[in-house]
Amino acid sequence: MSPAHDPVPHVPHSPLAPLTPAALAAWREEVSAALSSMTRGFEEKHGYGPDENAIHLPEAEDRAAAERLAGEAAAFAELALYYREVGAVTMSDVGNAYFLHSGAEAVGERIALPEAGGSVSAVLIGSDGGGILYAVAADGGVWRSRAASEESGFDRITKDLAEFLDLLRRSVHRFDRTGEPGFV
């Protein structure tokens, strides 16, 4: 498909970069609106009703977890900023589904990620509906498991959290417009 016909055009860099509270608020609002649009007429289009598709605001324990992450490794600064501005994310009906943990949940979800070469354990930030895991490593990148298992190994999919969030944003828009799965 040519870029002129691509419903979600390729962006050479994330519009969220650098990640700021204002950029995250704009992301949250845009993606929430797209999720709302997607659920209107969902049952008529897909033959079943939608599940939860929402971006929650962070709670006090998510913000406290963000502070813990900020103190751990410089590479977790973006993740800490994210958890100060965004709570749990549930996209049950986008593609195969995407679920991002709240900060309070993620801070305790750790995995050794030898592929990232870091000595600091990566933070498991979520999964898709098939059990594929997403983690932010000490290198700042977002990594995806090769299968629905921590033991399957991981591949780096984005250089940073801003790029990952942009892929999610583009995935929601794509699914809303075409019904095709996303980019993550």
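Coordinate-derived values only; no laboratory data. All values reported here derive from a predicted model rather than from experimental measurement. Note: ideal-geometry Cβ built from the backbone for every residue, glycine included; neighbour counts use all protein chains shown.
How would you rank S102, S149, S121, going from fewest to most other Cβ atoms within 10 Å of each one's own Cβ?
On the way: S102 20, S149 11, S121 17.
Taking fewest neighbouring Cβ atoms as first place, the list is S149, S121, S102.
Tell me, what does the Kirkwood hydrodynamic radius of the range 24-80 come to in angstroms if you use every pair of distinct C-alpha atoms? Numbers along the way, then the final one.
Numbers: mean 1/r = 0.0728 Å⁻¹.
Taking every pair of different Cα atoms in the range 24-80, averaging 1/r and inverting gives 13.7 Å.
Sum -39500 (n - 2.57) across every DSSP H segment of at least 4 residues in the chain, then divide by the residue count to get the 222 nm mean residue ellipticity, nearest 500.
Working: 6 runs with 68 residues, N = 184.
Taken over the chain, the calculation gives -11500 deg cm²/dmol.
What residue among G153, G87, G126 shows peak mean-square fluctuation when the chain is described by a Gaussian network model with Cα springs under 10 Å?
Evaluated over the chain, the most mobile residue of the options is G153.
Computed on alpha carbon atoms, what radius of gyration and Dmax characterise the chain, expressed in Å?
Reported Rg and Dmax, both Å: 16.0, 50.
Sorted from fewest to most neighbouring beta carbons within 10 Å, what does the list Y98, Y83, Y48 look like?
Numbers: Y98 24, Y83 30, Y48 9.
Ranked by crowding around the Cβ, least crowded first: Y48, Y98, Y83.
How would E44, E78, E180 line up from fewest to most surrounding beta-carbon atoms within 10 angstrom? Walk me through the intermediate numbers first.
Working: E44 7, E78 23, E180 12.
Going from least to most buried by this count: E44, E180, E78.
Could you size up the charge dipole of the range 21-178 around its Cα centre, putting +1 on the beta carbon of Lys and Arg and -1 on that of Asp and Glu, and report it in debye to the nearest 20?
Values: 15 positive and 26 negative charges, 75 e Å.
With Lys and Arg at +1 and Asp and Glu at -1, about 360 debye.
May I ask you to list, by number, the DSSP H helices of the chain whose Cα span along the axis is at least 24 Å and whose average Kyte-Doolittle hydropathy reaches -0.5 or more? Provide the component values of the computation, followed by the final result.
Numbers: long enough: 21-39 (27 Å, 0.39); 161-178 (25 Å, -0.36).
For the chain, where a helix must reach 24 Å along its axis and average at least -0.5, the hits are 21-39, 161-178.
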